[in-house]
Amino acid sequence: MNSPEGASAAGMPSKISLDSLPIEIFLMICEHIDADTLVRSLMYVNKQFYDIINNYYLWKKRGMRTTNDCEVAFMWAMNYEEDTFNWKQFVWHTELEDSCWSEYETKTTTTVFSGAHFSEVDAVLMAKDGNYCISASRDRSICLWNTMDTVRNPVVHKVDSHLGWVWDLGIYDDDHFLSCSWDSKVKLWNTSNFTPSSQPIHTFSTDAAVLSITSKENFIAAGLYCPKIIAFDPREPEKRLFELLHSHSRSIIDLCLIEDYYLISLSEDQTVSVYDLRKNKQVKSMLLSNEINRFPMCASYYDNILFIGDNRDCMYWLDCSHGKFDVIQVVSLAKPINDYVRNYKLNCIKCTNYGSIMTGGNEGVVYILTPTNPPKIIAKLQNSGSEITSIDYQNDTLVVGYVSSDVQVWKKK
């Protein structure tokens, strides 16, 4: 047997280390290391590791294996190119979401906040990098919760924040959030200085109950119970930027902004409308389904794909590349087992990364799905079985609002 001295004399290292291995062997080892460790740790050990682990083909091979020949939403976009796609981020997100939520009983902690609201919680919202969440209820109150604390009392419980049911919440910026209500008002609040006696920074008056809101810097849009959308600039709260009177014929259920200049509205009239803020005109209106009483209910956008859930059991993928907004896939979701009386209804949908889509509805279960067709169920999160009204997800923290008036938070350990 050769001695270590003999090995060194023959030009071979006396000790084997990762950076002394042939690249082919190192890559084989990397295939058995989770993406999070590679991206957050190993690639920053030295420049050699950084260059190898950052290699495009390493992640593409891993990503193609991950998709397993499924139709992935983001790869259906018109501007998707296999050779320029961010495979590293795709694999990283996919493995993180699957690892956490497939074993959520051991890899997350959960807290149920109850007792503060006494009526249905219609909206929840993450704030301050996921360290806080906000809930709004039909009891007219808004609560601020600390998601880092196991104390089950709200940090702030503001009663009578509006004079009617509070329907929706929205983040305006890092320090401000919005609320809207049946009282026809939209209010802008300071998150950091929010107290039981706080007054809104601005109150925007509309012409009917406000069901949905969305915003960006110096722009707030409100979707009304009557078929109207009204836009405001917080710098001139008394002035309306514009009113959209003819985009829909029934209530505006949800609004969202895409790339800061496309305003998307979902209506009970079964249509989705696209309004270009740069051109100040509607550029598209589409009917997602011809089935009676089936209409778009909720929407979430990530990397050129708009995911829309309807009030039944379908999810639509819209390609937003180059302002096209074409339906590229219709994905059927499983209905509740042994339930032949009521129709399954999607109330909320959320996609914030490549790894998962989260949905909630009248079944009382949060489904965490892969963004594929057919979707794979990563996990089913169920608490009381009460109908889910809203969800939000930010920085490894998931918050859920229930008809039962509870608010529940899951947080990755």
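The values are calculated or read from the model by the stated rules, or taken from the named source; none is laboratory data. The structure presented is a predicted model; accordingly, all values stated were derived computationally and were not measured. Here Cβ is always computed from backbone atoms with ideal geometry, including for glycine, and neighbour counts include all displayed protein chains. Just the protein is used for accessible areas: all its heavy atoms, side chains included, with ligands, DNA and RNA removed. Shrake-Rupley method; radii C 1.70, N 1.55, O 1.52, S 1.80 Å.
Phi angles across region 259-268 convert, under the Karplus curve 6.51 cos²θ - 1.76 cosθ + 1.60 with θ = phi - 60°, into 3J(HN,Hα) values of 6, 6, 10, 10, 9, 9, 10, 10, 10, 5 Hz, Gly and Pro given as x. If only the Cβ of Lys and Arg carry +1 and only the Cβ of Asp and Glu carry -1, the dipole of region 93-219 around its Cα centre is close to 540 debye. Per residue, the accessible area of the chain comes to 46 Å², computed with a 1.4 Å probe over protein heavy atoms only. The listed residues V327, V399, once ranked by accessible area (1.4 Å probe) with the largest placed first, stand as V327, V399. Dipole size of the chain about its Cα centre, with +1 on Lys/Arg Cβ and -1 on Asp/Glu Cβ: approximately 380 debye, rounded to the nearest 20. Computed over Cα pairs, the Kirkwood radius of the chain leads via Stokes-Einstein (1.306 mPa s, 10 °C) to a diffusion coefficient of 69 µm² per second. Taking θ as phi - 60° and the Karplus parameters 6.51, -1.76 and 1.60, the scalar couplings of region 152-160 work out to 9, 9, x, 5, 9, 10, 9, 7, 6 Hz in sequence order, x denoting glycine and proline. For the chain, what % of the accessible area comes from carbon and sulfur atoms, probe 1.4 Å? After summing per-atom areas, the C and S share lands at 49 percent. Note on S102 and N280: the model spin-label points, each 7 Å out from Cα along the C-beta direction, lie 5.3 nm apart. Comparing G115, G130, G170 in a Gaussian network model of the chain where C-alpha atoms under 10 Å apart are linked, the largest mean-square fluctuation is found at G115.
Note on K376: accessible area approximately 110 square angstrom, rounded to 10, probe 1.4 Å, nucleic acids and ligands left out. Site pair N54 and D83 shows an inter-label distance of 2.1 nm when each label is modelled 7 Å from Cα along Cα→Cβ.
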